[in-house]
1. How far is it, in nm, from the label point at residue 327 to the one at residue 262 when both lie 7 Å from their Cα along the line to the Cβ?
2. Taking square-rooted eigenvalues a ≥ b ≥ c of the alpha carbon gyration tensor, is segment 81-125 rounded, prolate or oblate, where a/c under 1.5 means rounded and, failing that, a/b exceeding b/c means prolate?
3. If you count the DSSP beta bridges with both ends in the chain, what percent of them are antiparallel, to the nearest 5?
4. In terms of the Cα gyration tensor, with a ≥ b ≥ c the square roots of its eigenvalues, is the chain rounded because a/c is under 1.5, prolate because a/b exceeds b/c, or oblate?
5. Summing -39500 (n - 2.57) over the DSSP H runs of n ≥ 4 in the chain and dividing by its residue number, what mean residue ellipticity at 222 nm do you reach, to the nearest 500 deg cm²/dmol?
6. Would you list the P(r) distribution for segment 218-331, with all Cα-Cα distances sorted into 5 Å bins from 0 and each bin expressed as a whole %?
7. Roughly how many nanometres apart are two label points built 7 Å out from the Cα toward the Cβ at residue 282 and residue 112?
8. Suppose a student asked you for the relative contact order of segment 177-283, using Cα pairs under 8 Å spaced at least 6 residues apart; what percent would you report?
């Protein structure tokens with residue numbers, strides 16, 4: 001049976017009758033959860049099971065569990081985490097990457113217990129002096145290779161816990177001085193500067209199984225279209241950076257993008273994205289997105305199945321011991 005090239009959000013902590021019918025009919029590749037969908041562990045485990053039952057396949061269920069401001073599972077049921085940049089800065093010398101591995105191995109254990117198998121991390125965006133505050137303390141540093149080392153550790157920690165990592169925001173959001181949730185950023189840096197810094201961090205992580213685009217215009221490559229909808233930028237991601245994982249858009253409902261939702265989805269897929277992401281659960285928008293979204297086929301289908309197969313057995317771990325080691329690294 002075919003799957004739609006889409007990952008969708010839902011409106012609340014349980015499936016409405018309309019959502020059940022819509023998801024069963026359209027069979028999206030996966031789902032993404034937000035705070036509005038989460039009440040307690042029992043409810044969340046029930047919801048993840050219902051989502052998979054509704055579409056009739058072992059759909060990847062995504063979440064943004066970076067820690068800090070972007071954290072959907074929160075106390076009292078789950079751990080509270082420092083912002084990523086704060087953890088990196090507080091880590092003992094030479095142990096930042098190890099600390100990030102431990103952090104995300106523990107996060108993976110929390111997610112898997114809830115039936116969530118995909119986390120929208122790591123971030124390989126390289127921070128600069130002008131990075132917008134919405135992104136800055138979510139970054140891992142300002143040197144591309146240091147960022148890549150921590151991002152690699154994040155991916156490894158998640159995979160060891162049976163959770164798929166999603167590399168974001170390809171090909172780099174760090175130079176963005178505006179919030180793409182609200183408007184479309186333009187990064188006017190020359191191509192050589194982008195290659196040496198922003199792109200280099202992502203190139204070092206080209207083997208991560210899933211990735212997410214940035215809603216940013218890079219005039220050095222394409223003067224008009226944001227990366228999500230630019231064939232030239234997606235071609236650079238594939239050919240120059242060597243990223244061959246499943247590439248999803250960032251949220252199509254962000255205000256960086258304009259135009260009808262059907263066209264937003266269609267243009268993103270035509271540019272070379274494999275899957276579109278729509279997060280807010282609004283019925284009219286989802287219907288329009290799905291009207292512009294076809295089924296997974298060809299290379300996109302291959303990448304989708306390849307990613308799903310990497311949700312392997314969980315490596316044995318003493319979570320309490322990992323917590324103690326992380327506490328020591330953070331002093």
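Derivation of every value follows stated rules applied to the coordinates shown; laboratory data play no part. These numbers come from a predicted model, not from an experiment. For neighbour counting, all protein chains shown are included, and Cβ atoms are generated from backbone atoms with ideal geometry for every residue, glycine included.
1. The modelled label-to-label distance comes out at 5.7 nm.
2. Verdict is prolate for segment 81-125.
3. Numbers: 4 of 27 bridges.
Within the chain, antiparallel bridges account for around 15 percent of the total.
4. Working: a/c = 1.63, a/b = 1.05, b/c = 1.55.
Here the chain falls in the oblate category.
5. -11500 deg cm²/dmol
6. Histogramming segment 218-331 at 5 Å steps yields 2, 10, 16, 17, 14, 11, 8, 8, 8, 5, 0 percent.
7. Output for this residue pair reads 3.8 nm.
8. Rounded, it is 29 percent for segment 177-283.
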